[in-house]
1. Exactly one of these conditions fails for HIS26: (1) surrounded by 17 or more Cβ atoms within 10 Å (Cβ to Cβ); (2) touching a strand residue (DSSP E or B) at 6+ places or on another chain (Cβ under 7 Å). Give me its number.
2. Quickly run through the range 283-317 and pick out the residues that are assigned to a helix (DSSP H, G or I) and away from the ligand (no atom under 16 Å from the Cβ).
3. Being within 16 Å of the ligand (Cβ to nearest atom) and aliphatic (A, V, I, L, M) is the filter here, so list the residues in the range 117-130 that pass it.
4. For the range 294-345, name all the residues that are modelled with pLDDT under 95, in contact with a Pro (Cβ under 7 Å, 6 or more places away or on another chain) and of a type in the set (A, V, I, L, M, F, W, C).
5. Of the conditions (1) within 13 Å of the ligand (Cβ to nearest atom); (2) crowded, with 23+ Cβ neighbours inside 10 Å; (3) of a type outside the set (Gly, Ala, Ser), THR6 fails just one. Which one is it?
6. What number goes with the only condition from (1) over 29 Å from VAL180 (Cβ atoms); (2) surrounded by 17 or more Cβ atoms within 10 Å (Cβ to Cβ) that ALA115 does not pass?
7. In the range 15-50, what residues are within 22 Å of THR181 (Cα to Cα), among the aliphatic types (A, V, I, L, M) and away from the ligand (no atom under 12 Å from the Cβ)?
8. Give, as residue ranges, the strands (runs of 3 or more DSSP E) completely inside the range 88-178 that count at least 1 residues that are over 30 Å from PRO63 (Cα atoms).
Amino acid sequence: METIKTAVIGATGYTGLQLVELLDRHPEAEIAGVSSESAAGTSLRDQHPLAPDLTLIPAAEVPFREIDVVFLCLPHTQSAPVAGQALAAGCKVVDLSADLRLRTAESFEAWYHTAHPAPGLLPVPYGLPEVVGREPLMGADCIANPGCYATSILLALAPLARSGLILEGTPLIADCKSGVTGAGRKAKASLLFGEVHGNFYPYSIGRAHRHIGEVEQELAALGLAEGHLIFSPHLLPTDRGILSTIYVQVADQDGGMTALEEAYREELLVDVLPRGEIASLAHVVRTPRAVLSLTAAADSTLIIVSVLDNLMKGAASQAVQNFNLMVGLPETTGLIPATHLVQVP
Ligand SMILES: NC(=O)c1ccc[n+]([C@@H]2O[C@H](COP(=O)([O-])OP(=O)(O)OC[C@H]3O[C@@H](n4cnc5c(N)ncnc54)[C@H](OP(=O)(O)O)[C@@H]3O)[C@@H](O)[C@H]2O)c1
């Protein structure tokens with residue numbers, strides 16, 4: 001089989017660099033183009049000493065007609081127009097930005113407070129296979145890679161939404177913490193070491209964060225009413241990882257835990273820990289998997305701790321999963337062997 005020619009647009013950012021690392025060791029993929037605007041003409045290795053020695057070119061010069069699959073690692077609103085150009089040239093597209101995650105331009109505008117840059121591309125399949133199934137993703141021309149926080153919350157709540165066990169009208173509380181790479185590589189004073197080290201702070205708490213839109217969209221598709229998610233993200237003074245502690249009211253705590261265990265029993269990249277154990281960032285950092293732990297608390301409350309690496313299952317390794325489904329490869333091709341993973345007994 002010939003290798004599949006890929007290009008990474010926005011290769012100098014955190015998700016782009018992580019994706020290049022994964023594609024570089026993917027047995028069926030070849031990296032045929034890497035783009036940057038600010039560093040065009042230089043080597044990607046100048047951005048990171050372990051990156052391959054590939055010359056960066058502006059996105060407009062990437063020869064899309066010679067590429068099979070393009071990964072877009074660009075800021076939101078910058079990404080969809082490039083997706084349109086790549087699709088028109090016959091490439092398949094995995095978009096890591098938020099541009100294509102919401103099904104309608106109105107919904108995008110409501111959460112991102114700006115007009116959608118390419119509404120004609122919508123809707124696009126939402127690339128979280130453990131939640132939406134493989135069918136919409138297999139062979140797709142374009143996939144919207146989910147948000148990192150959204151992935152951690154959806155993996156915890158989707159099986160409960162599907163089971164119908166969540167008590168109607170009760171709040172779904174997601175108390176989430178992310179490492180600093182979640183904010184991207186662009187310099188910002190609030191992300192300087194001196195600001196972050198020894199500090200810990202929430203931001204966009206309540207109903208303000210943009211990922212609520214995609215989480216509620218996907219939960220609504222499973223029958224859960226919108227408007228009850230309370231999502232409070234925090235900036236954790238570490239480089240990678242998301243830890244979401246999620247509190248949900250269920251009609252049957254044991255039934256809820258069983259629904260989660262059953263949902264992921266056969267999954268290679270999502271694990272539910274044995275009851276009594278608690279998930280931590282050490283379970284997932286630099287791996288392509290997500291891990292959940294389950295605790296029954298007072299009354300009807302179930303506490304789910306959901307962890308993942310924001311640059312892996314929250315971005316680049318999820319993009320490789322979607323790429324594999326898109327081109328008809330086994331879903332974990334190029335990701336770590338399944339034998340490294342913890343399975344529920
Ligand atoms: N970081 C995460 O954990 C994470 C997780 C999931 C999804 N995402 C999403 O993935 C996307 C990339 O995130 P990131 O964290 O990798 O961001 P980043 O570190 O800030 O990198 C952004 C990349 O986009 C390029 N770029 C910036 N403005 C551009 C423009 N106007 N035209 C073309 N290229 C441009 C930058 O290249 P030059 O400046 O060199 O031109 C850089 O390579 C974002 O939409 C983000 O929301 C991020």
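The values are calculated or read from the model by the stated rules, or taken from the named source; none is laboratory data. No experiment lies behind these values; they were computed from the predicted model shown. Neighbour counts run over all protein chains shown; Cβ positions are idealised from the backbone, glycine included.
1. With respect to (1) surrounded by 17 or more Cβ atoms within 10 Å (Cβ to Cβ); (2) touching a strand residue (DSSP E or B) at 6+ places or on another chain (Cβ under 7 Å), HIS26 is out only on (2).
2. Within the range 283-317, just HIS283 meets the criteria.
3. ALA118, LEU121, VAL124, LEU128
4. Within the range 294-345, ILE336, VAL344 meet the criteria.
5. Only one criterion is unmet by THR6, namely (1).
6. Just one mismatch for ALA115, condition (2).
7. Within the range 15-50, LEU22, LEU23, LEU50 qualify.
8. Numbers: elements: 92-95, 142-144, 172-178.
Correct list: 172-178.
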